[in-house]
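Following: one structure in structure tokens, then a few remarks.
The values are calculated or read from the model by the stated rules, or taken from the named source; none is laboratory data. The structure displayed is predicted, hence computed values, not measured ones. Neighbour counts are summed over all protein chains in view; Cβ atoms, including those assigned to glycine, are modelled from backbone coordinates with ideal geometry. Heads up: the accessible areas ignore ligands, DNA and RNA and are worked out on the full protein's heavy atoms, side chains in. Shrake-Rupley method; radii C 1.70, N 1.55, O 1.52, S 1.80 Å.
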Amino acid sequence: MRAVKNRDAVSNVTRLERRQDVRDRIAYLVRQEEEVLAEKRKRIEERLWAIHEADIGDFFERYDKEVTDKNGNIETDEKGAVLRQACERPKLLADLSPETAKLIEDVSVDSRGRLIPKLYSKLKHAQYQRQGSTARCQPIIRCRADLHARAASRELGISIDLNYTFHQPKKADE
């Protein structure tokens, strides 16, 4: 009995697949999924490039500090002007733009109680970019059996999820 139902489903799918409106709809849906994936890839790639191009200097600001002697007294030059020393400190997180703040992986506290930003690793994200370039070369394949199964499942009122994911191959030592 099951074989008869399977043959019926296949013949119904084949008949539906010959209809131009069904072929157009399938082509539209496949193209739409590819556009969504392309947009996701674009956002990920932009983020990876932002991490790659990040400059730690953007997270610090320069300020002038009064020079003091070992007793804490402010030092002056021969004309009586206060001596100043150029110093750097981390910018306040609230002063960073949201796009710049997204580049911070971690924040640590130094001995003076200042928050020190740590950026994402450029090396690690460069490796992700190289891996992503090979993954982009793999086309999304919609096989005929997939399309048959989807059409048959709709006709029979069955829900089938046939989403594709690309996983990294497991290493031999795992």
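Assuming 0.36 nm per residue, please report the length gained on full extension of the stretch residue 74 to residue 109 beyond their Cα-Cα distance.
9.8 nm
Under a 1.4 angstrom probe, counting protein chains only, how are 93, 48 ranked by accessible area, largest first?
So the residues, ranked largest to smallest area, are 93, 48.
Please give me the summed charge of the neighbours of residue 95: other residues whose Cβ is under 12 Å from its Cβ, Lys and Arg +1, Asp and Glu -1.
Here the count lands on 0.
How far apart, in nm, are two points set 7 Å out from the Cα along the Cα-to-Cβ line at residue 38 and at residue 130?
2.8 nm
Residue 61's amide H: which non-local residues (gap 5+, or another chain) put their own amide H closer than 5 Å, with H modeled 1.01 Å from N in plane and none for Pro or chain starts?
89, 91
May I ask you to derive the FRET efficiency for residue 116 and residue 85 from their Cβ-Cβ distance with R0 = 30 Å, giving the value to the nearest 0.05?
Here the calculated transfer efficiency is 0.90.
Using a 1.4 angstrom probe, figure out how much accessible area segment 1-111 has per residue, in square angstrom, rounded to the nearest whole.
That works out to 80 Å² for each residue.
Which length gain, in nm to one decimal place, applies between residue 47 and residue 64 when the Cα-Cα distance is subtracted from 0.36 nm times their residue separation?
Result: 2.7 nm gained on full extension.
Find how much the distance from residue 24 to residue 94 grows on full extension, using 0.36 nm per residue of separation minus their present alpha carbon separation; answer in nm with one decimal.
20.1 nm is the gain from fully extending residue 24 to residue 94.
Residue 47: accessible area at probe 1.4 Å, nearest 10 Å²?
The accessible area comes out at roughly 100 Å².
Not counting ligands, DNA or RNA, and with a 1.4 Å probe, what is residue 23's accessible surface area in Å² rounded to the nearest 10?
100 Å²
From the gyration tensor of the Cα coordinates in segment 71-115, what semi-axes in whole Å does the equivalent ellipsoid have, largest first, with each one equal to sqrt(5λ)?
So the three semi-axes of segment 71-115 are 35, 14, 7 Å.
Residue 39: net charge of surrounding residues, Cβ under 12 Å, Lys/Arg +1, Asp/Glu -1, itself excluded?
Net charge around residue 39: -1.
Taking all protein chains together and a probe of 1.4 Å, list 103, 92 from the most accessible to the least accessible.
92, 103
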